[in-house]
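The values are calculated or read from the model by the stated rules, or taken from the named source; none is laboratory data. Keep in mind the model is a prediction, meaning the values are calculated, not measured. Here the Cβ is made from the backbone with ideal geometry for all residues, glycine too, and neighbour counts use every protein chain on show.
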């Protein structure tokens, strides 16, 4: 048997502090630009079925029970108690928490105490820049404050994350913008901006990425649209050898391309959480595809969970089951040795994340 | 056991009325731009092997017999009788038939009586426009007649279909062309056109798509070249909320991207037939990949069959076997409940199509 | 059981003549633009694990032993003897060897004698052009010498190969450049060039490809970046019917698109070696994906091996095991007949290559 006693969730968000009804719960199962189609429900997805498989038993009821019954039991226990039971039942020993999404979400400290685990903060670059813009009067003060904020964040946070690739296709151009270009873009952005306005200017997004690259902290990049081989290769080539690791998030369904990039560039890593959470009963098949090209030291577990502790549970359970099944099959076929399989399982579950993010071994109170 | 008593083939064509020799039969197994390479045959494909597996027993001979023996038996029975046996042996209870391809093909009425099934018509937009052009003298009369023809077709047909994405990469631009632009393009097209001339102008293709979107009937779109995330996302975003459903046809080998789009946009659906017919022994594996991201209410069975009733048979048999195997495995593993699996099987086989196309429940003479 | 007594490796390189240490051996397992990341090793890849599975027993030690033990045994036997044991243990009966890579590599003659097999030469077009440039003073003499060299090479070599698609995205434009364009490009290239300078000019690469197409010898094309459907379809369409076969190399992870192109164009073939060598324990899964769309007469085995005879071994063993497992499963399920499966196995292992490259049947001393 392949075992993974420690589990570092290298990318997730906090959970909602409020009680949820059937509709608000369902909304967090979808990934779409709108409600479910008429006559359909987001419960009828792999994620929905996986939640109904793994979570009811942690709240003391039978798996695959109807959504309404599950939600009733969840409210009966209350959001705090059900959250504690779920997070503690996930088996995750360290949470790396992106605190950059809006909403009434728990922070790293609350995740740690609810989950009886360790937790660290990941800082979202775009939110940082927007907060700096809210309090900076001029382009010069914005640029000085931004550099200072990134520097300060790098001291406390375990990593940076960015959605630049989602916000503008040109944000990942393979060189930093020039100082004059940046100053002009800042001026235009601040002039037109209301407090809280979102950063989507490609020049500023690029500037932000290159400041982060200079910080030396690992930089987690959300995938943009389409195959990352077409938009990420040049950025990877341009940042090779600078001493900052890049972690590609949300590669699925281009996970084989993400794995290829992790094989080609020494400083590029691939994440696998959401690919598993979204594909549910297919998690083992998808994990096996990622394990084709990705060197085993370049792959990192995460849940990508947001809002619902059920998603942390599903991410962790699917991952452990999939990993055990895939590696166990290869051992049974004679393709891998058991020793190698156990070692690789430990790397993907926790060891690679500890090395990349500089987490102390055993910081989660367990043997490595 | 997962059962699917009803089967709505949501996209297919009629079958040839003439007797076929070995060469003409083989030609319908290929999908290529030319004959088989020297020394090879289209029978040596997954489709060819699947035909030899499923069809001979329906004509009373052994599976996997040589092609020449199968064709001899087919001629012995005659094209009508073999067609009846094959279509009735497919298990399809409703055919939605695209009548827009050339050739001596049976229409919906003949498909219904040969197959002892229900049948409805799908209207191909490009053919409609070409027919209107054949009888319109001026740009103004063309545009008026086209609007009227689409309106009339919408009343009788179950859906529209379009190959605009195949004919021109710009046909799926995310907004309708302006009236002046359309009028100019019509003028140029009509001036240079012979009777029967094909519509490939990107402005007119766009105009046609947006008229169809306004009609409210479901619109089936043939995939263009490459990954639909790169050319279809903006069109989907632009047509969201207008009340017309879009069905992506022929997604394979980009079926995961098609499934992703069906998950993101409430009005987008994914088709799975040709992916199964072309991949034969791999149909279960391909179906499982589509079931990763596609919400279970957004997936529609079809055969995509054209010309040979053998292809309707193969599409239906591969689908039922693949669905039973994939969902049955998930039930056996505990990932899904049996109740859920049976319900989802019914949705993909017939229920989703009934809802999307407004087919009366039980119109095919069976319990839903 | 599916058997493949003959194995034609339709694309590989020679092996290194020098003894290798742990680091130099490891470097040949990676495919990256740099060394392994700190804290990782290229042995922790599917290729590394596959080498440790298949090769130690051929040198008389246990599978999955540590890399250092394997390398010690290899040095104990010496590079010549270990190479002989490995190549003869691969089961490959004919090697087609691309002689166009730098380094102290064995040629076809040495491969044949070390491996007790047949061997033929594949000529790399870019190297040929660079060698002609080294000895041509003027644009006119370069062009005349180039035409003559390609013509002479076509007489002796079994095929041409080109990395034009890797060197410049425009090299596969669907028509030959005009004579004036070519002469201008030659002049600029020769003027700026040092002896040994690499050919990367898109006009000259195009010119070179079209000379090769005119030669009638099969042309093996290395994949460029991204999905070949987006950059190769037009070139295939433009060269259809000219009488020269095109073989797509290195399609993975776009192997389904490569298989699709082999299905669409009569003169296009798909290679499958490196996809298997790089994916190791997943070779059967990847092979099954390629077998979805590729007509069975259009698929060619290769190892793609370079430098290490271990890679020839791994390519051949993974292929035979994967083929046996995939086809054997389909036979067991009733999807294929055993007769068909054995025939298709023989085609992919050797028969298709014999037909495409005009190799005499039984030239490898075995029954076909």
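Could you count how many residues in segment C:256-275 are out of contact with any strand residue (DSSP E or B) (no Cβ under 7 Å at 6 or more places or on another chain) and either facing another protein chain (nearest Cβ under 7 Å) or modelled with pLDDT of 95 or more (or both)?
Initial filter on segment C:256-275 (out of contact with any strand residue (DSSP E or B) (no Cβ under 7 Å at 6 or more places or on another chain)): C:256-257, C:260, C:263-266, C:274-275.
Filter again for either facing another protein chain (nearest Cβ under 7 Å) or modelled with pLDDT of 95 or more (or both), leaving C:256-257, C:260, C:263-266.
Number satisfying all stated conditions: 7.
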### Task
Report yes if some residue within segment C:42-58 is at pLDDT 95 or above, over 30 Å from residue C:331 (Cβ atoms), touching a helix residue (DSSP H, G or I) at 6+ places or on another chain (Cβ under 8 Å) and loosely packed, with under 14 Cβ neighbours inside 10 Å; otherwise report no.
no
### Message
Against the conditions (1) more than 14 Å from chain B (Cβ to nearest Cβ); (2) outside any helix (DSSP H, G or I); (3) on the phi < 0 side of the Ramachandran plot; (4) surrounded by fewer than 18 Cβ atoms within 10 Å (Cβ to Cβ), where does residue A:4 fall short? Just the number, please.
### Response
(4)
### Query
Listed residues A:297, A:328, A:346, A:324; which is farther than 30 Å from residue A:79 by Cβ, away from chain C (no Cβ under 14 Å) and out of contact with any strand residue (DSSP E or B) (no Cβ under 7 Å at 6 or more places or on another chain)?
A:324
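Taking the condition within 22 Å of the chain's Cα centre (by Cα) and outside any loop (DSSP other than H, G, I, E, B), does residue A:53 pass?
Here the answer is no, as residue A:53 does not meet what is asked.
Listed here are the residues, each with its yes/no results for (1) touching a strand residue (DSSP E or B) at 6+ places or on another chain (Cβ under 6 Å); (2) within 12 Å of another protein chain (Cβ to nearest Cβ); (3) surrounded by fewer than 24 Cβ atoms within 10 Å (Cβ to Cβ); (4) touching a residue at least 40 places away in the same chain (Cβ under 8 Å).
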site	(1), (2), (3), (4)
A:203	no, no, yes, no
A:224	no, yes, yes, yes
A:236	yes, yes, yes, no
A:252	no, yes, no, no
A:288	no, yes, yes, no
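Across segment B:325-365, what is the number of residues that are at pLDDT below 95 and over 28 Å from residue A:64 (Cβ atoms)?
Taking segment B:325-365 as the starting set, the residues that turn out to be at pLDDT below 95 are B:360-365.
Still in the running and over 28 Å from residue A:64 (Cβ atoms): B:360, B:362-365.
The number of residues fulfilling the criteria is 5.
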### Query
Does residue B:208 meet the test of being crowded, with 21+ Cβ neighbours inside 10 Å, within 22 Å of residue A:39 (Cβ to Cβ) and away from chain A (no Cβ under 14 Å)?
no
### Query
Within the bounds of segment B:358-365, is there any residue that is within 12 Å of chain A (Cβ to nearest Cβ) and either in contact with a strand residue (DSSP E or B) (Cβ under 9 Å, 6 or more places away or on another chain) or assigned to a helix (DSSP H, G or I) (or both)?
no
### Task
Please verify whether segment A:26-43 includes one or more residues that are more than 14 Å from every other protein chain (Cβ to nearest Cβ), more than 21 Å from the chain's Cα centre (by Cα) and under 29 Å from residue B:352 (Cα atoms).
no
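Considering only segment B:115-149, how many residues are out of contact with any strand residue (DSSP E or B) (no Cβ under 8 Å at 6 or more places or on another chain) and part of a helix (DSSP H, G or I)?
Going residue by residue through segment B:115-149, those that are out of contact with any strand residue (DSSP E or B) (no Cβ under 8 Å at 6 or more places or on another chain) are B:116, B:127-149.
With the extra rule that they be part of a helix (DSSP H, G or I), the set shrinks to B:127-134, B:139-149.
Residues in segment B:115-149 being out of contact with any strand residue (DSSP E or B) (no Cβ under 8 Å at 6 or more places or on another chain) and part of a helix (DSSP H, G or I): 19 in total.
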### Message
From the list C:305, C:341, C:316, exactly one residue is under 30 Å from residue C:27 (Cβ atoms), touching a residue at least 12 places away in the same chain (Cβ under 8 Å), in contact with a helix residue (DSSP H, G or I) (Cβ under 6 Å, 6 or more places away or on another chain) and in a helix (DSSP H, G or I). Which is it?
### Response
C:316
### Query
Taking residue C:108, is it at pLDDT 95 or above and either within 14 Å of another protein chain (Cβ to nearest Cβ) or closer than 19 Å to residue C:318 by Cα (or both)?
no
### Task
Please go through segment B:63-83 and pick out each residue that is closer than 30 Å to residue B:128 by Cα and surrounded by fewer than 18 Cβ atoms within 10 Å (Cβ to Cβ).
B:79, B:80
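Residue-by-condition table, conditions (1) surrounded by fewer than 24 Cβ atoms within 10 Å (Cβ to Cβ); (2) farther than 24 Å from residue A:257 by Cβ:
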{"position": "A:291", "(1), (2)": "no, no"}
{"position": "A:295", "(1), (2)": "no, no"}
{"position": "A:301", "(1), (2)": "no, no"}
{"position": "A:351", "(1), (2)": "yes, yes"}
{"position": "A:356", "(1), (2)": "yes, no"}
### Message
Looking at the structure I just gave you, is residue B:89 surrounded by fewer than 16 Cβ atoms within 10 Å (Cβ to Cβ) and at pLDDT 95 or above?
### Response
no
### Message
Conditions first: (1) in a helix (DSSP H, G or I); (2) modelled with pLDDT under 95; (3) touching a helix residue (DSSP H, G or I) at 6+ places or on another chain (Cβ under 7 Å). Residue C:322 passes all but one, so which condition is the exception?
### Response
(2)
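The rows are residues; the columns are (1) surrounded by fewer than 21 Cβ atoms within 10 Å (Cβ to Cβ); (2) under 25 Å from residue C:184 (Cβ atoms).
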| site | (1), (2) |
| --- | --- |
| C:117 | no, no |
| C:127 | yes, yes |
| C:130 | yes, yes |
| C:138 | yes, yes |
| C:142 | no, yes |
| C:146 | no, yes |
| C:154 | yes, no |
### Query
Since residue C:243 meets every condition but one in (1) within 13 Å of chain B (Cβ to nearest Cβ); (2) part of a helix (DSSP H, G or I), which condition does it not meet?
(2)
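Examine segment A:174-181 for a residue that is closer than 23 Å to residue A:98 by Cβ, in contact with a helix residue (DSSP H, G or I) (Cβ under 8 Å, 6 or more places away or on another chain) and free of Cβ contacts under 8 Å to residues at least 40 places away in the same chain, and state whether such a residue exists. Break it down into steps so the answer makes sense when it comes.
The initial filter retains those residues of segment A:174-181 that are closer than 23 Å to residue A:98 by Cβ, namely none.
Among the residues of segment A:174-181, not one is closer than 23 Å to residue A:98 by Cβ, in contact with a helix residue (DSSP H, G or I) (Cβ under 8 Å, 6 or more places away or on another chain) and free of Cβ contacts under 8 Å to residues at least 40 places away in the same chain, which makes the answer no.
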### Message
Going by what's in this entry, would residue A:311 be described as assigned to a helix (DSSP H, G or I), touching a strand residue (DSSP E or B) at 6+ places or on another chain (Cβ under 9 Å) and at the interface with chain C (Cβ under 8 Å from one of its Cβ atoms)?
### Response
no
### Summary
How many residues of segment C:57-105 are under 23 Å from the mean Cα position of the chain (by Cα), on the phi < 0 side of the Ramachandran plot and part of a loop (DSSP other than H, G, I, E, B)? The answer is 7
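Restricting attention to helices (runs of 4 or more DSSP H) lying wholly within segment A:154-231, give those where 1 or more residues are under 20 Å from residue A:267 (Cβ atoms).
In segment A:154-231, the matching helices (runs of 4 or more DSSP H) lie at A:164-167, A:202-215, A:228-231.
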